[in-house]
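For reference, the structure is listed below as structure tokens.
The values are calculated or read from the model by the stated rules, or taken from the named source; none is laboratory data. None of these values were measured; they are calculated from a predicted model. Positions of Cβ are generated from backbone atoms using ideal geometry, with glycine treated the same way; all protein chains shown enter the neighbour counts.
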Amino acid sequence: MNFSRESSKLFGLIAKFKFPKLIQKKINQLYVSYFKIDMSEFDHVCEYKSLNELFTRTIKIPRTIEKGFISPSDGKILQCGSTFLADEEHFAFSIKGHTYSVVELLKDNFKSHELKKGLDYINIYLSPRDYHRYHSPCDMQILSATYTRGLLYSVNEKHLKSIGNLYTKNERVSLKCQNEKGIFWLVFIGAQNVGKMRFNFDDSIRTNAKLSYSFTKEYENLKLKKAEELGYFELGSTIVLIAQKGIWNKKLEIGQKIKFGESISD
């Protein structure tokens, strides 16, 4: 039995349960207090009928959307930079001193020539306190989506240090996208206690499910506007952005907190 997957399913069921109003209010307040969540952009904590509703809360006060390529989510930048070659394969750092294979991460969602000129990457970690919805970082077209069956290890810094190539071991969905500058990928990585990842443009993509196989779906004329909502995590996880050289030009800092709507590149 995959304990991390089974525990995540169980946690997901509990999180969706709607307790009596007074009990749910107390649960919500304890959760917000424990994780020190700033609720100023959202409905009052008492309005959420389950922990899952609180996890997947929507913004009620519109954010300023900055110019250029923006962050698709809130979170912390664990690592960013350019990939490096080893044995003719692209690698990136998950955190300092620990790497992952870009080819393994993307699985069947790329063509070899798309990686030839080098890649840039950003790893954004969403903690349980963060806003869990994700958005289109620019006007873009989604070319394909690959679901990769995997485990559900925690993706916090402690586990990234102890489990090699962790991102490529976990369940994930990668979106191959295109804008006027080139090809980039948004990779949504499942994690322990993340019940599901949802994608608004395709309800058939089900994560943390009983699927025993991976698959790729291609799309025609699937276009999204910058800042349009793509979907959401239930609880926290990681988004890895990988792009062909020339799409990003703004230097980010490792450890930097970032929010959806803030500029990654001019």
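Look through Tyr34, Tyr48 and report the one residue that is at negative phi, loosely packed, with under 13 Cβ neighbours inside 10 Å and of a type in the set (Phe, Trp, Tyr). Show your work before the answer.
On the way: Tyr48 fails: loosely packed, with under 13 Cβ neighbours inside 10 Å.
The conditions single out Tyr34.
Consider segment 237-253 and keep the residues that are of a type outside the set (A, V, I, L, M, F, W, C) and surrounded by 23 or more Cβ atoms within 10 Å (Cβ to Cβ). The one that is nearest to Ile124 (Cα to Cα) is Thr238.
Scanning segment 70-101 for residues that are modelled with pLDDT under 95 and within 17 Å of Ile183 (Cβ to Cβ) yields Ser82, Thr83, His90, Ala92.
Yes/no matrix, rows are residues, columns are (1) farther than 29 Å from Phe42 by Cα; (2) outside any loop (DSSP other than H, G, I, E, B); (3) of a type in the set (Phe, Trp, Tyr); (4) in contact (Cβ under 8 Å) with a residue 24 or more places away in the chain:
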site: Tyr121; (1), (2), (3), (4): yes, yes, yes, yes
site: Ile124; (1), (2), (3), (4): no, yes, no, yes
site: Cys138; (1), (2), (3), (4): no, no, no, yes
site: Ser144; (1), (2), (3), (4): yes, yes, no, yes
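Among the residues of segment 154-174, those identified as of a type in the set (A, V, I, L, M) and free of Cβ contacts under 8 Å to residues at least 40 places away in the same chain are Ile163, Val173. Testing Thr58 on (1) touching a residue at least 40 places away in the same chain (Cβ under 8 Å); (2) buried (at least 19 other Cβ atoms within 10 Å of the Cβ); (3) among the polar types (S, T, N, Q), one condition comes back false. Which one is that? Condition not satisfied by Thr58: (2). When the residues of segment 163-201 are filtered to those that are out of contact with any strand residue (DSSP E or B) (no Cβ under 6 Å at 6 or more places or on another chain) and under 15 Å from Gln244 (Cβ atoms), the one that is surrounded by the fewest Cβ atoms within 10 Å (Cβ to Cβ) is Glu180.
Starting from residues that are more than 18 Å from Gln244 (Cα to Cα) and touching a Phe, Trp or Tyr at 6+ places or on another chain (Cβ under 6 Å), keep the ones in segment 71-93 and report whichever is surrounded by the fewest Cβ atoms within 10 Å (Cβ to Cβ). Per the criteria, the residue is Lys76.
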